[in-house]
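To keep things clear, I will list the structure first and then write my remarks on it.
The values are calculated or read from the model by the stated rules, or taken from the named source; none is laboratory data. For clarity, every value in this text was computed on a predicted model and none was experimentally measured. Positions of Cβ are generated from backbone atoms using ideal geometry, with glycine treated the same way; all protein chains shown enter the neighbour counts.
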Amino acid sequence: MTPRDTWTIRSTPDAARARALLARLTADAGVPAVERARFLADLTARLRQSLDSDGADVVLDLPDAGVGTDGLMRVDVRPHGRPAHRYTLPCRTPVPPPSTGPADLTAQDLADALLAEDEHTATLVARLAEQEELVRLHREELHHTNQGVLALHAELENAAEAQHELLDAERAARADAEKARRLLTFLADASAAVTASLDLEDIRRRLPELLVPDYAERADIWLFDDEDALGGGDRPAAAVAAARSGRPQHAAPHPGGLPGVDDLPPSVLSPDRPLLCIPLTAPRPLGVLTLTAPGRRFDPDTAVMLMQLAGRWAVALDHARRYEQHRDVAEALQRAQLTDLPATDGLRLAARYLPATHGLNIGGDWYDAFVQPDGSVLAVIGDVTGHGLNAAVMMGQLRTALRAYAVEDDSPARILTRLHRMLCHLQPSLYATALVARFRPGDPTLVWAAAGHPPAVVRAPDATVRVLDAKPGIMLGVPMPFSYEDHTVPLPPGSTVALYTDGLVERRAHGIDPGIERLGQVMSALNSADLEDLDASADALLKPLLHDSERDDDVCLLLCHSLPAASGAAP
């Protein structure tokens, strides 16, 4: 907040008192003399103009010591019926507010203010004298400058010769700058090309294609963990020296003068052309890149660029190797998680698992189906939140625990309840969805329970479709006690049940409900002959639902087709 006063000016005495009080305040606030004089002169003129009409209001804002104070005094002159004008004056803070208003000034105060104007005038006169002295000095400087100009004309011929020399130097500098620009552009483009892929063979192939023939007559790659990379044969001594020392080596009859590169005698394998052998390190030694000069020598600037590119290529190569290792681990783990579906009387099963097209191709989606001791079959579909190895490992634990719980109890709801308790205890920050369905031979009903999972879709023998959209329980692992419920629906022989994860039906632009509706339409379009080959039916369902090859999430589909008990086991 700032102290704020408003004074009404309706007469010449009012204007004089306001001016006298503002003169005192600006002097006490430390406003510079010239700024103060300009302010008071302009204020007097505006107050005089306002007296020709209905007067004016003068609003004074003083800065205080509060946080955010900008150290500015603001004076607003607001003539009645005319636009206002604001003065902003720098001053020290805090500024003590006036103890009296303009109306409280005495005749003595006005007399003192009048005499103080002489001090202002004296200050301005002194400042004017200073400026006149400066003008005199500038005139003397101008005279000396004119003398210098005359002398400058005498030196123009020498300057012309110097200009020619500078132009030649500029041309050389521009050529060097263009060369540097070309090298940097190539380095950026080539780096992007070799780092854009995680395919090891593609990266190994791209670098020689980029360097030959402009920057090297030949490019050979020696990778330490791949002895067959060069197809056998001898290697230059410079390449061996680079591998041992970790420093670039130059082999030629004469020193190359390349920065940061050791010089060696010419190579027996390339006596006519210099060799540049660059170790590949990222951060462990990976190999050596050997380049044969495209001409009689390597250019120093080009050699620096080649060494920078080799370093970036080594990083890309290391990333590709690590990615391949992780991908192999992920694929092995994913294959280990896939279930062999049981062959049972009265029920045929078919499953599909499609990993996401991004990342390590492993996630937390899973399916399972197994026979209970009483001959019934439990079909399970689930999805652990997240992606990567952690989700896959947790998915495996859930599947193992579910099978263990199913040995003691065949109720889908009670199995899910025990899974929920286990996940809350072991992994309080991890969640999962699941749906468990029980098929009992000779029983034309389906018992199921869900934990936050998309609803199953049932196709009846007459091709009508029903979505089991009873409200599912909470997700597994949500930190709250919960007991799931079993649901029972009729399942006449010839019915087909589709269990799936959200990657099959959910799209960012449309949500999940349109996808479930689309799945029901595709299932309804299948005929009885199609369902005789359940694997073909699974493919027929996936094709229209996954027309886009890019998948942001994993896809699991488990089809369960019930048959009369006399139909026998699935082939």
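When R247, R296 are screened for being closer than 23 Å to A180 by Cβ and either of a type in the set (D, E, K, R) or not in a helix (DSSP H, G or I) (or both), only R296 passes. A residue that is assigned to a helix (DSSP H, G or I), assigned by TED's automatic domain parsing to the domain that holds A15 and either in contact with a strand residue (DSSP E or B) (Cβ under 8 Å, 6 or more places away or on another chain) or without any contact (Cβ under 8 Å) to a residue 12 or more places away in the chain (or both) occurs somewhere in segment 80-102. Is there a residue in segment 259-281 that is crowded, with 22+ Cβ neighbours inside 10 Å, assigned to a strand (DSSP E or B), touching a Lys or Arg at 6+ places or on another chain (Cβ under 8 Å) and in the same structural domain as I203 (by TED's automatic domain parsing)? Scanning segment 259-281, I find at least one residue that is crowded, with 22+ Cβ neighbours inside 10 Å, assigned to a strand (DSSP E or B), touching a Lys or Arg at 6+ places or on another chain (Cβ under 8 Å) and in the same structural domain as I203 (by TED's automatic domain parsing), so the answer is yes.
Please determine, by comparing only the residues of segment 38-65 that are modelled with pLDDT under 85 and among the aliphatic types (A, V, I, L, M), which one is nearest to A84 (Cα to Cα). Applying the filter and picking the extreme gives L62.
For segment 477-510, name all the residues that are buried (at least 21 other Cβ atoms within 10 Å of the Cβ) and more than 31 Å from the chain's Cα centre (by Cα). Result: Y484, L491, S495, T496, V497, A498, L499, Y500. Answer yes or no: is there a residue in segment 126-144 that is in contact (Cβ under 8 Å) with a residue 40 or more places away in the chain and assigned to a helix (DSSP H, G or I). The answer is yes; a qualifying residue exists. When we screen D42, D54 for residues that are assigned to a loop (DSSP other than H, G, I, E, B), of a type in the set (D, E) and loosely packed, with under 14 Cβ neighbours inside 10 Å, the only hit is D54. On inspection, A252 fails the criterion of being without any contact (Cβ under 8 Å) to a residue 60 or more places away in the chain and surrounded by fewer than 18 Cβ atoms within 10 Å (Cβ to Cβ). Among the residues of segment 528-542, those that are free of Cβ contacts under 8 Å to residues at least 12 places away in the same chain and part of a helix (DSSP H, G or I) comprise A529, D530, E532, A536. Summed over segment 282-293, the residues that are under 11 Å from P248 (Cβ atoms) and touching a Lys or Arg at 6+ places or on another chain (Cβ under 9 Å) give a count of 3.
All of R418, R403 fail the test of being touching a strand residue (DSSP E or B) at 6+ places or on another chain (Cβ under 8 Å), over 25 Å from I516 (Cα atoms) and at pLDDT 90 or above, apart from R403.
Return yes or no: is D214 outside the structural domain of R38 (by TED's automatic domain parsing), under 56 Å from the mean Cα position of the chain (by Cα) and either in a helix (DSSP H, G or I) or closer than 30 Å to R17 by Cα (or both)? Taking the combined requirement at face value, the residue does not satisfy it.
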